[in-house]
1. Is any helix in the chain, taking whole DSSP H runs, at least 18 angstrom long along its axis by alpha carbon and on average at least 1.6 on the Kyte-Doolittle scale, and which ones?
2. With Cβ to Cβ distances under 13 Å as the rule, what net charge do the other residues near ALA43 carry (K, R +1; D, E -1)?
3. Show which aspartates and glutamates lie in cross-link reach of LYS84 when reach means a straight Cα distance below 17 angstrom and same-chain residues fewer than eight apart are skipped.
4. Kindly provide the helix-only [θ] at 222 nm of the chain, computed as the sum of -39,500 (n - 2.57) over DSSP H runs of four or more divided by all residues, to the nearest 500 deg cm²/dmol?
5. Among residues other than VAL199 whose Cβ falls under 14 Å from its Cβ, what is the net charge (Lys/Arg +1, Asp/Glu -1)?
6. Express the relative contact order of the chain as a whole percentage, based on alpha carbon pairs under 8 Å and six or more residues apart in sequence.
7. Please compute the net charge surrounding LEU184, taking Lys and Arg as +1 and Asp and Glu as -1 over other residues with Cβ under 12 Å from its Cβ.
8. Any idea what the dipole of the chain comes to, in debye rounded to 20, about its Cα centre with Lys/Arg Cβ at +1 and Asp/Glu Cβ at -1?
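What follows is calculated from the coordinates using simple rules that are stated; it is not laboratory data. From a predicted model like this one, the values you see are computed outputs, not experimental measurements. Counting neighbours? That spans all protein chains shown, and the Cβs are built from the backbone with ideal geometry, glycine included.
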Amino acid sequence: MQAAASGGQWLNQLLQAIAFSFMGRYHAELGEHEQARRVLESALEVAARTGVPRDAVWPLINQAHTALGSGDEASLRTGLEKAKEVLELLSGAGADWIDASIEAYHLVTQMHLALGEPEAAFSTSAEVLRLAEMMPFPPTPERYFFVHSRILRALGRGAEADEYLQKAHERVMLVASKTKDETLRRSWLENVRDNREIVAGWERRRGDRVKG
């Protein structure tokens, strides 16, 4: 293993690796997949120079996130391995790494769900929810609830799925109710894909109940 860099050099390399990793993620979200691949590989190369294995966590997370967006099985399998590698790196890590742990478990969960493996997705989704409860302000609880709802529905547990869908909807609408700027509120409800799907899904379930 490469020797750890000196203090100032280590911090510069770490910040560069993290910056590259999120640049790669944004390139992927824009559909610029080749550029994303190159930037993410650069992020991992820079992280390796620090000599600290856990410095690769965010580059690996963003590689996995990029793979999730591809949709094809080979990429999903590769992304799943990247996310699992993160969990291995974070084994025994303290509370300072809880956000990265949640992100990695959530990625593993989504990979399994996208691959048609709801049983495997359920256990990691439960871990996401457990870790999120430990945080005063978990970053995106509505997404965790929504994915858990989808898993439960895939497992044939419709009543429980509706409960988690309701939790997701309540969280989305809580944020919307506290957003006074109408443009930002509309963007939160309409331009964030998961939020849009949560609202639409909840309205469909309510409509089904009325018809039933």
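1. Numbers: long enough: 7-29 (33 Å, -0.03); 33-49 (24 Å, -0.49); 73-89 (24 Å, -0.31); 98-114 (24 Å, 0.49); 118-133 (22 Å, 0.18); 141-154 (20 Å, -0.29); 158-178 (30 Å, -0.50); 193-211 (27 Å, -1.86).
Answer set is empty.
2. Once positives and negatives cancel, what remains is +2.
3. ASP55, GLU73, ASP99, GLU103, GLU117, GLU119, GLU127
4. Details: 10 runs with 165 residues, N = 212.
-26000 deg cm²/dmol, from helical runs alone.
5. Working: positive: ARG143, LYS167, ARG171, ARG185, ARG186, ARG193, ARG196, ARG204, ARG205, ARG206; negative: GLU142, GLU170, GLU190, ASP194, GLU197, GLU203.
Residues near VAL199 contribute +4 overall.
6. Working: 258 pairs, mean separation 24.8, N = 212.
Relative contact order comes out at 12 percent.
7. Numbers: positive: LYS178, LYS180, ARG185, ARG186; negative: ASP181, GLU182, GLU190.
Net local charge, LEU184 excluded: +1.
8. Values: 26 positive and 30 negative charges, 125 e Å.
In total the dipole reaches around 600 debye.
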